[in-house]
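Participant: A single structure is presented below for examination.
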Amino acid sequence: MDKNSKKNEKLDQLKDHTTDNSNEKLTTNQGLKINNNQDSLKSGERGGTLLEDFILREKITHFDHERIPERIVHARGSGAHGVFKLSKSMEKYTQAKFLSGIGKETPVFVRFSTVAGSRGSTDLARDVRGFAIKFYTEEGNYDLVGNNMPVFFIQDAMKFPDLVHAVKPEPDNEIPQAASAHDTFWDFISLMPESMHMIMWLMSDRAIPRSLRMMEGFGVHSFRFINSEGTAFFVKFHLKPKLGVHSVAWPEAQKISGNDPDFHRRDLWEAIENGAFPEWDLGVQLIPEENENDFDFDLLDPTKIVPEELVPVEIIGTLTLNRNPDNFFAETEQIAFHPGHLVPGIDFTNDPLLQGRLFSYTDTQLSRLGSPNFHEIPINRSIQTVHNNQRDGHMRQQIVKGKVSYEPNSIGGGCPYQAMMKDGGFASYGERVSGAKIRARSESFVDHYSQAKLFYNSQSEPEKRHLQKALIFELTKVTIPEIRERMIGQLNFINKDLAKKVADKLGVKVKILDQPNGSIPADHDGLSLQSEEREPKQKKSEALSMENTVKDLIKSRVIAFLLADGCNADSIKEIQKKLESGGAVVQVVAPEMVPVKADDGTSYTPKHSISSTSSVCFDAVYVASGEKSSEIWMMPDYKNGVVDFLNEAYRHCKAIYFGENTEIIFNSTDIYQKKHEDPAVILAEDKKGDENFIKAIASHRVWDLELERNGIKT
Ligand code: HDE
């Protein structure tokens with residue numbers, strides 16, 4: 001727990017519901033001490049088990065009912081406790097108490113997730129990541145249920161079940177798990193031009209983060225702040241990771257999925273256990289109501305961003321995760337988020353996607369958690385006592401005194417009574433609305449390509465390359481040629497070069513679609529709402545490229561130290577000290593899981609053996625100095641392993657540092673062939689080797705040298 005943090009009311013509340021089994025005797029659920037947990041009660045040593053064995057029955061019955069339905073989307077997740085500390089009062093814009101008063105601290109629980117896969121699926125799937133925060137405020141729970149991408153696939157909640165059915169495993173054979181690379185997803189997407197902006201994000205490396213701690217968070221929709229005078233502002237929420245936004249490459253993601261399917265979960269857990277608490281700046285883009293129409297897109301359209309060049313992000317506080325849950329199921333699995341959990345001073349807009357969400361989240365908890373009393377589960381409880389006349393239902397826990405469960409009443413003295421607004425009573429924002437009841441899309445939503453173009457234009461060359469490759473990978477898995485062709489037609493509206501590059505690799509001709517809105521049948525009234533190719537007003541936006549992110553920290557980066565008997569202890573100790581003082585984590589990889597004896601007798605316990613891990617699980621590699629140790633690495637049992645390890649790190653643009661007398665290893669790798677300048681391959685003769693290694697790790701990868709490192713450009 002962060003020592004600088006003040007009292008955490010949520011953690012105090014959870015203590016009352018937490019059990020510690022140390023030094024305790026085993027009991028039944030009724031508290032009866034058990035004296036034999038090995039054998040059931042039988043009619044004689046070899047006789048049948050007796051029905052009367054209530055201890056066996058209780059144990060097995062509970063076990064039989066251990067599972068609950070997983071989340072219909074976002075089933076795979078990881079969570080942690082933390083605190084939000086306000087650095088800038090938002091009092092001018094919102095009455096929300098947790099956003100007013102500098103230095104104010106609010107306990108939070110955050111759950112990250114992938115969307116498509118099941119609970120047990122791999123962390124490194126190409127997917128959107130959920131980023132849901134529950135703020136336990138003094139005015140009740142406020143949930144910011146966002147994603148790591150600022151836009152969404154669809155504009156209206158009506159299409160959500162279709163989208164999810166399309167991306168989930170196909171219904172006949174339940175294939176594929178946690179993947180969008182299949183027919184039904186691309187069939188749907190190619191018929192839904194409104195998804196094109198989101199598809200650019202999904203095909204970018206943002207969909208395969210290096211760590212949950214290194215990704216942004218977005219509220220996606222425009223929300224409202226309302227101040228004490230009743231003046232409203234549109235607000236967009238942003239979370240910016242202090243460690244920067246970093247990703248892995250797709251070939252790595254695939255290999256990590258086999259090597260460590262819990263890669264993100266483990267990384268988050270270990271960082272918190274090691275005291276490297278993940279942090280994000282919470283920022284807001286504020287737009288006065290009267291400026292609503294200043295943009296060439298609709299603020300209510302969730303497929304659009306507000307470029308930071310138009311409305312800068314104001315940083316208002318820091319979110320820190322500083323404590324792992326005690327129990328995954330009780331906390332991370334049972335937490336129930338809802339974008340409709342509001343506090344006074346924050347309200348919705350008419351974004352038609354958000355409006356649909358407001359229905360879905362309570363509804364889904366009823367089948368997932370099984371009762372309208374899910375708010376009483378400890379992790380979901382508000383730190384504010386709940387007073388109302390809702391009663392009973394499955395698993396009710398609160399004991400509410402008295403005869404009265406209705407309002408108005410005189411028997412209970414009128415209590416609990418309504419709160420005036422000045423006493424914190426919530427009142428919805430009195431937005432003026434008029435219009436005929438209509439089932440249609442607003443014309444202001446019909447531009448599906450300009451921001452997709454903006455995103456693509458804003459990417460660096462390596463980012464564009466990765467995006468093209470992602471599309472090629474995904475569309476290669478599509479088995480129906482017409483879907484591929486239609487998709488290329490859609491890409492052609494975004495960028496001609498992109499469409500051509502993908503089409504060439506798929507052996508498809510770029511077909512010009514005459515009707516972009518493929519999903520709307522010819523006789524439909526909405527036919528007039530065709531999105532035409534439209535250039536974005538602004539050509540590029542810096543914030544959209546990961547190239548412009550934080551690149552001067554090595555905190556919590558994991559460095560593989562390749563050590564074998566006889567390696568030079570002095571140089572190991574020196575670089576290890578420097579790395580650890582910057583917060584990096586050193587992990588020893590040895591030929592076998594046998595302690596390594598260095599030249600001065602120091603013993604190093606390996607965390608991995610070369611055959612049990614792979615360089616995709618590390619950020620950088622250090623090959624320790626030593627002639628004898630290098631010879632060991634070159635023995636037939638280890639040579640392939642160590643050469644693959646290094647070649648792969650090289651291809652994935654990682655920092656690699658070769659100590660003295662390691663030439664026989666170096667000469668066996670592809671790195672030996674390199675003819676270009678490469679700041680992230682550091683050799684023993686470099687006098688500033690340690691510093692250059694640290695600098696290279698901090699800059700994450702040399703993506704700019706990817707073609708050279710892969711022998712494509714020499
Ligand atoms: Fe969700 N979403 N969603 N969603 N969503 C759920 O609620 C839904 C959307 C998001 O860690 C479900 O409790 C609809 C956008 C996150 O527990 C469900 C629509 C964004 C999580 C649901 C959307 C999100 C969910 C499933 C379109 C980003 C995981 C389990 C109208 C702003 C929360 C649950 C956690 C979970 C419905 C679209 C984020 C079914 C109907 C847009 C982070 O209620």
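The values are calculated or read from the model by the stated rules, or taken from the named source; none is laboratory data. Keep in mind that this is a model prediction, so the values were computed, not measured. Cβ atoms come from the backbone with ideal geometry, glycine included; neighbour counts cover every protein chain shown.
Participant: Give me the pairs: first residue in region 355-372 and touching a residue at least 12 places away in the same chain (Cβ under 8 Å), second residue more than 8 Å from the ligand (Cβ to nearest atom) and assigned to a helix (DSSP H, G or I), beta-carbon distance under 6 Å, and six or more apart or on different chains, which are they?
Facilitator: Filtered contacts from region 355-372: Gln365/Phe374.
Participant: Check whether at least one residue in region 221-243 is over 30 Å from Glu290 (Cα atoms) and not basic (Lys, Arg), and report yes or no.
Facilitator: Going through region 221-243, the residues over 30 Å from Glu290 (Cα atoms) turn out to be 241-243.
Pick out the ones that are also not basic (Lys, Arg) and you get 241, 243.
Scanning region 221-243, I find at least one residue that is over 30 Å from Glu290 (Cα atoms) and not basic (Lys, Arg), so the answer is yes.
Participant: Consider Met200 against the criteria (1) over 27 Å from Leu144 (Cα atoms); (2) more than 16 Å from the ligand (Cβ to nearest atom); (3) of a type outside the set (Asp, Glu): it satisfies all of them except one. Which criterion is unmet?
Facilitator: (1) is the only condition that Met200 fails.
Okay, residues lined up against (1) buried (at least 16 other Cβ atoms within 10 Å of the Cβ); (2) outside any loop (DSSP other than H, G, I, E, B); (3) at positive phi; (4) under 37 Å from the mean Cα position of the chain (by Cα):
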| site | (1), (2), (3), (4) |
| --- | --- |
| Asp599 | yes, no, no, no |
| Val616 | yes, yes, no, yes |
| Lys628 | no, yes, no, no |
| Asn640 | no, yes, no, yes |
| Tyr657 | yes, yes, no, yes |
| Tyr672 | no, yes, no, no |
| Leu705 | yes, yes, no, yes |
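Participant: If you don't mind, there's one more thing I want to ask. Exactly one condition in (1) near the ligand (Cβ under 9 Å from one of its atoms); (2) of a type in the set (Val, Ile, Thr); (3) in a loop (DSSP other than H, G, I, E, B) is not met by Val164; state its number.
Facilitator: Exception for Val164: condition (3).
Participant: Is one or more of the residues making up region 383-394 surrounded by fewer than 19 Cβ atoms within 10 Å (Cβ to Cβ), in contact with a helix residue (DSSP H, G or I) (Cβ under 6 Å, 6 or more places away or on another chain) and over 29 Å from Lys104 (Cα atoms)?
Facilitator: From region 383-394, those surrounded by fewer than 19 Cβ atoms within 10 Å (Cβ to Cβ) are 383-394; that's our starting set.
Retained after the next criterion (residues that are in contact with a helix residue (DSSP H, G or I) (Cβ under 6 Å, 6 or more places away or on another chain)): 383, 393.
Among the residues that remain, those that are also over 29 Å from Lys104 (Cα atoms) are: 393.
For region 383-394, residues surrounded by fewer than 19 Cβ atoms within 10 Å (Cβ to Cβ), in contact with a helix residue (DSSP H, G or I) (Cβ under 6 Å, 6 or more places away or on another chain) and over 29 Å from Lys104 (Cα atoms): present.
Participant: Might you check whether a residue that is over 20 Å from Leu358 (Cβ atoms), without any contact (Cβ under 8 Å) to a residue 40 or more places away in the chain and crowded, with 22+ Cβ neighbours inside 10 Å occurs anywhere in region 174-181?
Facilitator: no
Participant: Considering only region 109-136, state which residues are within 14 Å of the ligand (Cβ to nearest atom) and of a type in the set (Lys, Arg).
Facilitator: If the condition is that a residue be within 14 Å of the ligand (Cβ to nearest atom) and of a type in the set (Lys, Arg), then Arg111, Arg119, Arg129, Lys134 are the ones that fit.
Participant: Among the residues of region 114-131, write down those that are surrounded by 23 or more Cβ atoms within 10 Å (Cβ to Cβ) and outside any loop (DSSP other than H, G, I, E, B).
Facilitator: Within region 114-131, Thr114, Arg129, Phe131 qualify.
Participant: Can you spot a residue in region 392-414 that is out of contact with any Leu (no Cβ under 7 Å at 6 or more places or on another chain), part of a loop (DSSP other than H, G, I, E, B), at pLDDT 95 or above and acidic (Asp, Glu)?
Facilitator: Looking only at region 392-414, we keep the residues that are out of contact with any Leu (no Cβ under 7 Å at 6 or more places or on another chain), and these are 392-414.
Next cut, part of a loop (DSSP other than H, G, I, E, B) only: 392-414.
Okay, now just the ones that are also at pLDDT 95 or above, so 392-414.
Next, from what is left, pick out any that are acidic (Asp, Glu): 392, 407.
Yes, that holds for at least one residue.
Participant: From Glu648, Glu691, Glu685, Glu660, grab the single residue that is touching a helix residue (DSSP H, G or I) at 6+ places or on another chain (Cβ under 6 Å), farther than 19 Å from Glu547 by Cα and among the acidic types (Asp, Glu).
Facilitator: Values: Glu691 fails: touching a helix residue (DSSP H, G or I) at 6+ places or on another chain (Cβ under 6 Å); Glu685 fails: touching a helix residue (DSSP H, G or I) at 6+ places or on another chain (Cβ under 6 Å); Glu660 fails: touching a helix residue (DSSP H, G or I) at 6+ places or on another chain (Cβ under 6 Å).
Exactly one residue qualifies, and that residue is Glu648.
Participant: Any residue that is in contact with a strand residue (DSSP E or B) (Cβ under 7 Å, 6 or more places away or on another chain) and away from the ligand (no atom under 16 Å from the Cβ) - is there at least one of those in region 360-377? Spell out the reasoning first.
Facilitator: To start, the set of residues in region 360-377 that are in contact with a strand residue (DSSP E or B) (Cβ under 7 Å, 6 or more places away or on another chain) comprises none.
The answer is no; no qualifying residue exists.
Participant: More than 16 Å from the ligand (Cβ to nearest atom) and without any contact (Cβ under 8 Å) to a residue 12 or more places away in the chain: which single residue out of Glu314, Glu308, Glu290 fits that description?
Facilitator: Glu290
Residues checked against (1) in contact with a strand residue (DSSP E or B) (Cβ under 9 Å, 6 or more places away or on another chain); (2) not basic (Lys, Arg):
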| position | (1), (2) |
| --- | --- |
| Glu52 | no, yes |
| Ile55 | no, yes |
| Gly77 | yes, yes |
| Phe84 | yes, yes |
| Ser100 | yes, yes |
| Arg111 | yes, no |
| Asp123 | yes, yes |
| Phe135 | yes, yes |
| Asn141 | yes, yes |
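Participant: I would also like to ask the following. Testing Met90 on (1) among the aliphatic types (A, V, I, L, M); (2) surrounded by 18 or more Cβ atoms within 10 Å (Cβ to Cβ); (3) outside any loop (DSSP other than H, G, I, E, B), one condition comes back false. Which one is that?
Facilitator: The failed condition is (3).
Participant: Here is a further query. Would you list the strands (runs of 3 or more DSSP E) that sit entirely within region 203-312 and hold 2 or more residues that are among the acidic types (Asp, Glu)?
Facilitator: Working: elements: 223-226, 232-241, 279-288.
Per the criteria, 279-288.
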